1. Taking the options THR93, THR81, name whichever one is modelled with pLDDT of 95 or more and farther than 19 Å from ASP21 by Cα.
2. Could you grab me the full set of residues in segment 1-25 that are open to solvent by less than 60 Å² (accessible area, probe 1.4 Å), closer than 16 Å to ASP201 by Cα and hydrophobic (A, V, I, L, M, F, W, C)?
3. Residue under question is GLY102, and the condition is that it be assigned to a loop (DSSP other than H, G, I, E, B) and of a type outside the set (Val, Ile, Thr); does it hold?
4. Quick check on my filter: what residues within segment 26-51 are of a type outside the set (Ser, Thr, Tyr), closer than 25 Å to ASN69 by Cβ and open to solvent by 60 Å² or more (accessible area, probe 1.4 Å)?
5. Evaluate the following for ASP177: is it in contact (Cβ under 8 Å) with a residue 40 or more places away in the chain and out of contact with any helix residue (DSSP H, G or I) (no Cβ under 6 Å at 6 or more places or on another chain)?
6. Is at least one residue of segment 44-54 under 15 Å from the mean Cα position of the chain (by Cα) and modelled with pLDDT under 95?
7. Any residue at all in segment 103-118 that is open to solvent by 70 Å² or more (accessible area, probe 1.4 Å), at pLDDT 95 or above and farther than 18 Å from THR26 by Cβ?
8. What are the pairs with Cβ atoms under 9 angstrom where one residue, in segment 77-90, is under 16 Å from SER67 (Cβ atoms) and the other, located anywhere, is open to solvent by 10 Å² or more (accessible area, probe 1.4 Å) and aromatic (Phe, Trp, Tyr)? Sequence gap at least six, or different chains.
Amino acid sequence: MALEFELAGSQIDGARDYQEDAFLITNLTDANGKPSALVVVADGMGGHAAGNVASNMAVQAFNKHVSANYPSDDLASVLETAVVQANNSIKETVSETPTLQGMGCTMVAAVLEEGKITWASVGDSHLYLVRERELKKINADHSYGGFLDRMEAEGTPVEPEPGLSRNMLMSAITGEDINEIDVPSSPLELQAGDRIIICSDGLDTLSSGKIIQYSEWSESPKECADALMQAVEEANMPRQDNTTAVVVNV
């Protein structure tokens, strides 16, 4: 029996009076005529107006490229090029409007098809797999903290540089050269009962245990996404960031 997907998203402003996150769910059709989907989540940087412009522009440029080149025998390449197109859209806008210099965004995007997921990500937004009551981040973390953790896991620990925050981004979509793009060459096979959570780093307010707990309590993706947003708001963290989550039931 073929696996099917059910998707829903939700977002909150948090403690901010503006929203810099942007997300999009696009229904697609694969090479066999079966339904598939593209999910894109971008977390804007650059202040009130610029962050919103960057995230929405990047999401639209990414979606346009994937939609025009899907289905594909080399989906990873399509997603990587879509990231470059998103970056170029910001570069061109900054060139036309220099006052927007410094705007940018992180991004995580995934195509769900035929019981598998293929993704591309830049920055510190998350692609989580919830399977058998375990939460696993399956995309790369391009923050300084993520870099340090990666080096340690590879057996070559690096001494943290004084004054550098673990939250500092080492790769982002800003119109400049992108340092790192996480695009695995082969997709991840999914199983019936899996849940995917694609989100901005505002969800970091919740521990892994809490995310698993709210996922377990929620049957539908919409119920889960709304429950996660409510939990973030109830945590009432000072300076809570914008938070977005798209939840997928497999």
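The values are calculated or read from the model by the stated rules, or taken from the named source; none is laboratory data. Remember, it's a predicted structure, so these values are computed and weren't measured experimentally. Heads up, the Cβs are rebuilt from the backbone with ideal geometry, glycines too, and the neighbour counts pull from every protein chain shown. For the accessible areas, the whole protein counts, side chains as well, though only heavy atoms, and no ligand, DNA or RNA atoms are used. Shrake-Rupley method; radii C 1.70, N 1.55, O 1.52, S 1.80 Å.
1. On the way: THR93 fails: farther than 19 Å from ASP21 by Cα.
Checking each option against the conditions leaves just THR81.
2. Within segment 1-25, ILE12, ALA22 qualify.
3. Numbers: assigned to a loop (DSSP other than H, G, I, E, B): yes; of a type outside the set (Val, Ile, Thr): yes.
It is true that GLY102 is assigned to a loop (DSSP other than H, G, I, E, B) and of a type outside the set (Val, Ile, Thr).
4. ASN27, ALA31, ASN32, LYS34, PRO35
5. no
6. Yes, segment 44-54 contains a residue that is under 15 Å from the mean Cα position of the chain (by Cα) and modelled with pLDDT under 95.
7. no
8. Pairs found: VAL78/TYR70; LEU79/TRP119.
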